[in-house]
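Below is one structure, written out as structure tokens; the observations come after it.
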Amino acid sequence: MDKIQGFLEVGLNDEGEVVVNHSDLKPDENGIGHIVFSADQAQNLSRLLSRHADQSDSDARLRHEEEVRKAAEEIPVDRDCRVLTDGSPVTSDHREIDPATGQQKDYVVLCESERKKGFVRPVRRSYRHTACGTVTFMGTALAETYARDPGFYSGTFCSNCRTHFPLNEFVWEGTTEQVGS
């Protein structure tokens, strides 16, 4: 609970609603209670209300994300439902390396229907190679495959080194969390 000048309290109730309490609040002849604020008090109240509303939204979003993640964990991953990143069937030559880029001809991902079953990790589109410090970005289908099944891949590509390395050489950008964990 936050207080303004010792008598106005702003906080959240158990339902996540913002509550304002004032010890001097007395109803008028029409049964309506009024609080009169100075400009400074109103600005402080505005900041407190905004901060608590943001916290309530954030808490609700985190609870929802956790519920969705737990539900997704209960659905087994069908690793046989695989396609290439463009949605076409997996071909025997998809692992051929392009000498100009160092990348494979194409990459295998979980099919869209499998990815739509939910994610057990956040969808992250970039990772850092710990050996050289370079951040590599990936497409949505690859990112969603990692989020649905973190153990799907055993290695990934570094755009600076222009080759593939084991996952233990990479962390998700902005974290210390190993890619694939």
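State whether one or more residues within segment 79-91 are under 23 Å from Asn160 (Cα atoms) and either out of contact with any strand residue (DSSP E or B) (no Cβ under 7 Å at 6 or more places or on another chain) or not aliphatic (A, V, I, L, M) (or both). The answer is yes, given that some residue of segment 79-91 is under 23 Å from Asn160 (Cα atoms) and either out of contact with any strand residue (DSSP E or B) (no Cβ under 7 Å at 6 or more places or on another chain) or not aliphatic (A, V, I, L, M) (or both).
Conditions tested, residue by residue: (1) touching a residue at least 12 places away in the same chain (Cβ under 8 Å); (2) buried (at least 17 other Cβ atoms within 10 Å of the Cβ); (3) within 25 Å of Cys81 (Cβ to Cβ).
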residue	(1), (2), (3)
Thr130	yes, no, no
Leu142	yes, yes, yes
Thr163	yes, no, no
Thr176	no, no, no
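Does Gln55 satisfy the criteria of being at pLDDT 90 or above, assigned to a helix (DSSP H, G or I) and of a type in the set (S, T, N, Q)? It is true that Gln55 is at pLDDT 90 or above, assigned to a helix (DSSP H, G or I) and of a type in the set (S, T, N, Q).
The values are calculated or read from the model by the stated rules, or taken from the named source; none is laboratory data. The structure displayed is predicted, hence computed values, not measured ones. Here Cβ is always computed from backbone atoms with ideal geometry, including for glycine, and neighbour counts include all displayed protein chains.
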